[in-house]
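To start, the structure itself, in C-alpha cells.
Please treat every number below as a calculation from the coordinates, not as lab data. Keep in mind that what you see is a predicted model, and the values were worked out from it rather than measured. Methodologically, a virtual Cβ is constructed for each residue, glycine included, from the backbone with ideal geometry; neighbour enumeration extends over all protein chains shown.
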Amino acid sequence: MSTDHSASGTDALLRADNLVAGYLPGVNILNGCDLYANKGELVGIIGPNGAGKSTLLKAMFGLVKVYSGTVHLNSEEITGLRADQLVRQGIGFVPQNNNVFPSLTIEENLQMGAIQIPERFNERFDFVTTLFPTLKDRRKQRAGSLSGGERQMVAMSRALMMDPKVLLLDEPSAGLSPALQDEVFVRVREINRAGVTVVMVEQNARRCLQIVDRGYVLDQGKNAYTGTGKSLANDPKVIELYLGTLAKAK
Amino acid sequence: MQELKSTPKRDAALAALASVPSIPGIKKPDPIIIADNVVRRFGGLTAVDVEHVEIQRGTITALIGPNGAGKTTFFNLLTGFDKPNSGNWTFNGKALAGIAPHKVARLGMVRTFQLTKALFRLSVMDNMRLGAKNQVGEGILRALLPFSWRSQEERITQRATELLTRFKLDSKADDFAAALSGGQRKLLEMARALMVDPELVMLDEPMAGVNPALTQSLLGHIKDLREQGMTVLFVEHDMDMVRDISDWVIVMAQGKVVAEGPPDSVMSNPAVIDAYLGAHHDQPLDEQE
Amino acid sequence: MRRGLLALIALTLASIGWFAAPAAAETITIGGNMVDETGAAIADVEFNMTGPNDYNQTTQSDAAGNWSFEISEPGQYFVSINPDTLPSGVGLTEPDKITRSVVVFSLNNLPPPIKYLTGPGPERASTLDRALQLTIDGLILGITIGLAAVGLSLIFGTTGLTNFAHGELLTLGGLTTYFFNKMGLHVIPSALLALIVAMVLGGFIQDRYLWKPLRRRGTGLIAMLVVSIGLGLLARYVFLYIFDGNKEQFLQYAGQPGWQIGPLSITPKATIGMIIGIFLIALTIAWLLKSQLGKASRAVADNPALAAASGIDVEKVIRVVWIMGAFLAGYGGIMMGLNQGVQWIMGSDVLLLIFAAVTLGGSGTAYGAIVGSLIVGLFIQLSTLIIPTELKYVGALFVLIVILLVRPQGIMGRKERIG
Amino acid sequence: MDWVFILQQAISAGIGVNAIIFALAAIGLNMHFGYTGLLNFGQAGFLAVGAYTVAVLVVNFEVSIWLAFLAGVGASILLALLLGIPTLRLRADYLAIVTIATAEIIRQVARSVSLREYFGGSDGITGKFGADFFALNPFPNGLELAFLRYTPNDLWVVIVGWALVVIFVFLTYLMMRSPWGRVIKAIREDEEAVRSLGKNVYFYKMQSLILGGVVGSFAGFVYAISRQSVQPDNYSTALTFFAYAVLILGGAARVLGPVAGSIIFWFLLVFVEQVLRQAVANDLIPNWLMSPNQVGQVRFMLVGLGLMLLMIYRPQGIFGDRKELALDARA
C-alpha cells in the first residue's frame, strides 16, 4: 500500500524529509514525517486527533520548531526560513483559526496577501474574485463581521494573492456547515485545477479523500499510510484506524 | 471494535434511556441537567442556540459536532465560565444561570478544559490537593494554624494518592506538573476534578493530544466514573471513543442540537452524517459540479 | 521682635561655626519664575519685597517670567505679588497667600525660588469665557498627549509592549531641541535635528538593540514591561545628569505675547505648534488607512502570525512603528517645550495621562488613542472650572478609573471575542 | 579612597531603615506579584496611606499613636478593597493601571494646597509624632560600635523594623505552606482552573491584595516614624518601582527574596554612591564629568539599568531557580 517516498518524489515541487518537530523541547509531535507534492497535485493529510497533521503543515511553513529533517521547494532547501521569506519563495499558508485580519476590510486583507507584489494587486484581485465572486461586491466590508465560511474564502483568497506555487491549507472545512464544507472542497479543487499545487490537512477525511490526488494518513507523528485518495478511502486498515465507525455507518 | 462490557450501571443507564426516542431536545426520565433557550452570540455570530436539552443522570453522554459547532462554548455557559445572552438551565433542579463558576463546581458540576490547565509550578500532588472541597486550611486565619488543618491535609493527601495511583501518576506526585507529558496532564486534570467529589463530570476533549497508548486507560477511567455513580458529559471528536463509551450522544452543529440518541442510531442518522461528512456524503463531489 | 530673634539665631549659629560668616560684599537674590497653569511664562507681574533695614523694593517679571530681588544681608523678608498686574484670565490659586515670608540665614545659601500658583483666578470674567479659554488649552494639552498616545498604542498593538518609558521619548524631543538651541541654533532647526535624534535613537536604535533581541528571546510581556520601567528610570536620570533639574525655556519665543481673540488668549507658537500636531496626527491616520505599510501595521496588530504568513516582514513593520512613535512623541515634547519649557521630568509627568488616554480610547487602536487624548486634555482643563487647578490630574485619573470599571474595553474599543 | 568608610556606609545602609522599608514594601509585593500574580503598581499608595494616617491622626487630631497604627492598617485595608472590588474581576493589566493611578491620586491629594490644613501640602507633616513610640525605647544610649553607629531613636526603629520584617517573613512562610497558599499560587498559574475546582478566586485575590497592602502600610509606618515626618513626594511611583527592583533582585515568590533583595539593593546602592562620591572628591573622576550632586543621579541610573539587566538576564533573581521560572509559560 505504502508508496516509496524517496523514489516517487525526487523531482517533487515540495518535499519534506524525515521531519522531527514539536512545540516544546523534548516533546516531539512529529517523529520523522515524509511528504512530497508534485507540481499540480492536490495532496491531503488526514489522521486521528493529535496525530500531528497540522503540525506537519506548520513545520513545513516554519511555524513549528523543526529539530531535524529538511523541507525543499523546487529542490532548494527552505527549512527554517522566516514566514515572509517562504511566501516570497512561493508558498501560501492558510491557518485553521484566526485566518483573516478582522479589523481590516476584505480588500485590505487581500492587499496584505499581495504585500510583496503590490503592482500585481489588480491582476491577482481579478483572479481570486473569479473564484470567489462575492468578495468583489463586499470588498469594503470589515473581515471581522464575516461568517465562518466567508472568512475561509477571504483567507484562501489572501493566500492566493501572491500567486503561490504551493498552497498549504489547515483544515479549511473546520467549523463550517455541511453545505459550506462541500463548497470549500469544490473551491479547493478549482484552485488546484487553476494550476496551484495544494497540500491540505482535513478532519473531514472522507470528503478530503474524494477530492485529493494523493493522501497521507498520519498516526502518532509518523506516516501510517499513503496512496491515492480512492485507494485510501477503501483501504480497510485506514477505515479501521481513522474513518472508523462513520465509514461503516455509511 | 472491542466488546462492550455489561456492568450494572451501564445496564441501568441503557435501560433508563431505552424508551427515550431519538429526537433532538427530547425529555429524559431523570435529567441532571435541563437547559432551555440558551443563546450566546459573539458579535454577529451565534455560537450557541440550544432550545432544549436534558442530560440523563448516571449516564455517559457524548457531545459531538464539527469544530465551531458551539460545544465548548456550551460547556463554558453551563459551568458559568461564559455568560449567555439569554437562557436558563438547572442542575439537580437548581437554577444555574448567573451563578459564578466556582459555585457551580461546589454544587458538584466539575469540568476540565480542552487545553489542559495543569498548574505548572505546583507539584502534581499539590494540583490534586487543591481539588479537595471544604478545606479548613484554605481560610486565611486557619492557614496560620497548621495543627488545625494538618489532619485534614493528611486525609486529602491519602485520597489524592489513591487517585494518582489509579491514574498511574503516583510516581510523579512530587514533580512539578509542568514536567508531565500532554497526556499525563489530561489524566491529572481528570483526577484533580475527581478530588472535588463531583456528581457531574464535564470533560472537554479528554482524548485530544493523548498518546494512543494512554487512550485505553483514559477510556477505562471514564467508564469507571459512571460505575462510581457519577454522570459524565464529554466533548469528543474521536468517533470510536464516542461509540465505545457513551450511552447517549448529542450532536451539535452551528450552535444547535441537531440530533441525539444512542450512539448507533445517531451515527446512522442522516443529519449527523451531514454534520460530519457533508451533505451528499455518498456522492463523489465530481457529480455535483 | 521676631526679626530680632532670627537675627540672634543666625548670629549664634554663625558664631559656633555652623556656617561661614557672610562676607559683606556678597549679595544673593530672592525671586522666582512666574508661570501660568500650563507652565507658560507671565511677564510684567509686579512684586514688592520688604525686609530688614527698611528694605523695600519693587520689581516686575521679565519675558521669561523671571523676577528677583537682590539682598545683601540675612534676615526675614516679605515678598508680595500684586494680583492686579496679572494678565486677564489668570488669577492666583491661593488668593490668601499673596505675601510670603523668606528667611535668609546666610548669604551662602540661595533661598528656594518662590512659587505663586496660578489658575483661573476668582476674579475671572464669565464662566463661558473661561470655558472657551480652557477648551483651547485642553485641545493643546490633548494634542500633546495624543502625539505620544498614538505611538504608544501603535507599539502596544504591534508588539504587546506596555511601554513605561514612552514619556522619556517626549523628554528626548524637548531636551534635544533645547540642547541644539543652547548650542546656538535657532529653535526651529534645533527641533528638526531633535526629531531626527528621536527617530534614530528613540526609535530605530531602541527597537533594534533592545526590544528586537528581547522579542526574539521570547521575553514575556510582563518582563518587557518591567524592562521598560527600568529603561525609563535610566533615561530619566541620564537626562537629569546631562541637563540638571531646572525648567528651561527655548531661547526664542519664550515670552511670546498672546493673540487676543475676543475673550481668548493664545500664543502664536501654541497655535502653530497645535496645527502641526494636528497635521502630524492626520498624517499618521492617513498612513494607517491608506499606505501599504500602515495597513500592514494594522494587520500585525490584528494577528502577527497571520501577518507573517501573508508575507509581511513583521520586524520591519515594528521598526517603522517604533520610529514613528518616537517621532510623534518627540514632536509632542517639542510642543510641550514651546508652551511650558523643558525639564528632565516633563515626559514622565504626563506618562500616566498618556496611559489614561490610550486606555480610555481602547488599547491598541490609534484612533481610540486620539479620541482618548482629546477627552483627557479637555477634561483636565475644563475640570478646573469646578475643582482646584492643582487637582486637575487627580480628576483625570479618577475618571480613567471610573471609565475602566464601566467600560473596560475603552470608549472606542470593541469587546473582545472570547472562546 | 577611604574603603573602610565606604564599607561602613554600605553595611549600615544594608541593615538600615531604608532596607527595612523596602523589605516590607517588597514582602507585600511578593504576596501580590510573586505569589498571586497581581500586578500592583501602586504599592507606594499603601505606604503613603499608612504613613499619612499615623502622621495626620497624631499631629492634627492628637490620637494615640497605637490607635493611629491601627487606623493605618484599617486605611490600607480600605484602600485594598477600593482597588480590588472593581478591578480584580478584570484583566490583569487593568489592576496595574488602576493601582498606579490611585497611588498617584493619593500623592497629589496629599500634596494639594486645598487640603494643606490636613496633609501639609508639598512640605508634608513634620512633628514629634513618634514620641509615644520612642518612649518605649529600652536603649537610651544608642549603639556605638567601630563599624556601626545609631542614635537611640534610630536603634529602636531598626530593631523594631527588623522584628516586623521577621514577623512578616514568618507569616508569609506559614501562609504559603498552607492550603491557603496553595490556592494563591494556583491562581497565579491559572485562574480558570482554580475556579473550575470550586474556589472563589476573586475572594482569594482580594485577601492577597489586602495582606500585601497591610504589609505595605507597615513599611509606611516605619518610613514615617524613622524620619518623624511624611512628605508626599517620597511616595511617588518611583518608590513602587524600587520595590519591584528589590523583589526581582531577591527573587519573586521566594519567602526571603524581598529581604535579601532589599539588603543587597541598599548595600550596593550606597556602596556605589560612596565610591563615586569619594572618587569625585579625590578628583579621580574629573569634576566636568561628574559633580558631587550628580552622584545621587547616577545611582538612580544604576537602579534602572540593574532592573533592565536583571529582568533580561536573571528574571528569577539572585536566589531564584531559573528552571522553575521557565516552567511558567507566561513568564
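Here are a few things to note about the model shown:
- Neighbour cut-off at most 15 other Cβ (10 Å), DSSP loop, GluC sites (Glu not before Pro), segment D:67-165: none
- Cross-link reach list, lysines versus D:LYS205, counting only Cα pairs under 20 Å and skipping chain neighbours closer than eight places: B:LYS103, B:LYS117, B:LYS133, D:LYS185
- The share of C-alpha pairs in segment A:69-174 whose separation exceeds 20 Å stands at 38 percent.
- Beta-bridge orientation, the protein assembly as shown: approximately 70 percent antiparallel, per DSSP, counting only bridges with both partners inside.
- If you look at the Cα atoms of segment C:285-406, you get an Rg and a Dmax of 17.1, 54 Å.
- For the protein assembly as shown, the ratio of Cα radius of gyration to the globular rule of thumb 2.2 N^0.38 Å stands at 1.05.
- Modelled FRET efficiency - R0 56 Å, A:TYR23 with C:ASP349, Cβ distances, 0.05 increments: 0.80
- Segment D:60-77 - phi-based ³J(HN,Hα) in whole Hz, Karplus 6.51/-1.76/1.60, Gly and Pro as x: 8, 10, 6, 7, 5, 5, 5, 5, 5, 4, 4, 4, x, 4, x, 5, 6, 5
- Ordering of C:35-42, B:256-263 by packing [mean C-beta count within 10 Å, highest first]: B:256-263, C:35-42
- With q set to 0.11, 0.12, 0.22 Å⁻¹, the log10 of I(q)/I(0) for segment B:152-272, from the Debye formula over equal scatterers at the Cα positions, is -0.43, -0.50, -1.33.
- Mean-square fluctuations from a GNM of chain B, with a 10 angstrom spring cutoff on Cα atoms, peak among B:SER151, B:SER86, B:SER265 at B:SER151.
- 5 Å-binned pair-distance histogram of segment C:30-120 (Cα, whole percent): 3, 14, 27, 25, 16, 10, 4, 1
- Leading residue at positive end of dipole, the protein assembly as shown (Cβ point charges), from B:MET230, B:SER19, D:PRO258: B:SER19
- Each Lys and Arg Cβ is given +1 and each Asp and Glu Cβ -1; about its Cα centre, segment B:122-179 then shows a dipole of about 200 debye.
- Cleavage-rule hits (chymotrypsin sites (Phe, Trp or Tyr not before Pro)) in segment D:145-240: DSSP loop, at most 12 neighbouring Cβ within 10 angstrom: D:PHE147
- Chain A: relative contact order in percent, alpha carbon pairs under 8 Å with at least 6 residues between: 27
- Global form of segment B:122-179, assessed from the alpha-carbon gyration tensor, a/c cut-off 1.5: prolate
- Choice from C:GLY160, C:GLY368, C:GLY75 showing the highest fluctuation, given a GNM over chain C with Cα pairs closer than 10 Å: C:GLY75
- Loop-resident trypsin sites (Lys or Arg not before Pro) (DSSP state other than H, G, I, E or B) in segment B:134-185 with no more than 14 further Cβ atoms inside 10 Å of their Cβ: B:LYS168.
- Residues of segment B:88-116 with an amide N closer than 18 Å to a point placed 7 Å from the Cα of B:GLN228 along the Cα-to-Cβ direction: B:105-113.
- When the Cα positions of C:GLY277, C:ALA357, C:LEU251 are compared along the charge dipole of chain C, C:ALA357 comes out farthest toward the positive end, with charges on each C-beta of Lys, Arg, Asp and Glu.
- Evaluated at q = 0.10, 0.12 Å⁻¹, the base-10 log of the normalised Debye intensity for chain A, with identical point scatterers placed on the Cα atoms, takes the values -0.46, -0.66.
- Paired Rg and Dmax values of chain B, which use every Cα atom, in angstrom: 19.9, 76
- Calculated [θ] (222 nm, deg cm²/dmol) that DSSP helices of n ≥ 4 give over the protein assembly as shown, each run adding -39,500 (n - 2.57): -15500 deg cm²/dmol
- Among the listed pairs A:LYS136/C:LYS316; B:LYS223/D:LYS199; B:LYS9/B:LYS256; C:LYS115/C:LYS182; B:LYS71/B:LYS168; B:LYS27/B:LYS256, those beyond 19 Å (Cα-Cα): A:LYS136/C:LYS316; B:LYS223/D:LYS199; B:LYS9/B:LYS256; C:LYS115/C:LYS182; B:LYS71/B:LYS168
- Here the Debye sum runs over all C-alpha atoms of segment A:25-107 as equal scatterers in vacuum, and log10 of I(q)/I(0) at q = 0.11, 0.16, 0.19, 0.24 Å⁻¹ comes out as -0.35, -0.73, -1.00, -1.40.
- Cross-link reach is defined here as a Cα-Cα straight distance under 14 Å, omitting same-chain residues fewer than 8 places apart; for C:LYS269 the aspartates and glutamates meeting it are C:ASP137.
- Of the residues C:ILE30, C:MET49, C:LEU110, the one whose Cα sits farthest toward the positive end of the charge dipole of segment C:30-120, with +1 on the Cβ of Lys and Arg and -1 on the Cβ of Asp and Glu, is C:LEU110.
- Cβ-derived FRET efficiency at R0 56 Å, B:THR165 paired with A:ARG120, nearest 0.05: 0.30
- For the pair D:ARG91 and D:LEU256 in one chain, pulling the backbone fully straight at 0.36 nm per residue adds 56.5 nm over the alpha carbon distance.
- Candidates B:THR46, B:THR231, B:THR73, ranked by Gaussian network fluctuation over chain B, Cα under 10 Å, top entry: B:THR46
- Net charge over other residues, Cβ less than 14 angstrom from the Cβ of D:LEU79 (K, R count +1; D, E count -1): 0
- Lys, Arg +1 and Asp, Glu -1 on Cβ, resulting dipole of the protein assembly as shown about Cα centre, debye, nearest 20: 1460
- Percentage, to the nearest whole number, of Cα pairs in segment B:7-115 over 16 Å apart: 62
- Exercise: per-residue mean of other protein chain Cβ atoms within 10 Å, D:298-311: 6
- Alpha-carbon Rg with Dmax, taken over chain C, Å: 24.6, 84
- 20 Å reach of a label modelled at D:ASP283, 7 Å along Cα-to-Cβ, counting backbone N of segment D:1-43: D:1-3
- Gyration tensor verdict on segment C:199-261 (Cα atoms; rounded if a/c is under 1.5, prolate if a/b is larger than b/c, oblate otherwise): prolate
- Scaled to the globular estimate 2.2 N^0.38 Å, the Cα spread of segment A:112-213, given as radius of gyration, is 1.05.
- Taking a Cβ cut-off of under 14 Å around D:GLY50, the surrounding Lys, Arg, Asp and Glu residues balance to a net charge of +2, with basic ones at +1 and acidic ones at -1.
- Placing pseudo-labels 7 Å out from each Cα toward the beta carbon at A:THR130 and C:LEU293 gives an inter-label distance of 3.5 nm.
- The Rg/Rh ratio for segment D:3-325 is 0.98, where Rg is the radius of gyration of the alpha carbons and Rh is the Kirkwood radius.
- Cα shape, segment D:90-225, gyration tensor, a/c 1.5 rule: oblate
- About its Cα centre, the dipole of segment C:127-406 is roughly 600 debye, where the only charges are +1 on Lys and Arg Cβ and -1 on Asp and Glu Cβ.
- Computing Rg and the Kirkwood Rh from the Cα coordinates of segment D:193-234 gives a ratio, Rg/Rh, of 1.32.
- Residue by residue, segment D:150-164 carries 3J(HN,Hα) couplings of 10, 5, x, 4, 4, 4, 5, 4, 5, 5, 5, x, 5, 4, 4 Hz when phi is fed to the Karplus relation 6.51 cos²θ - 1.76 cosθ + 1.60 (θ = phi - 60°); x denotes Gly or Pro.
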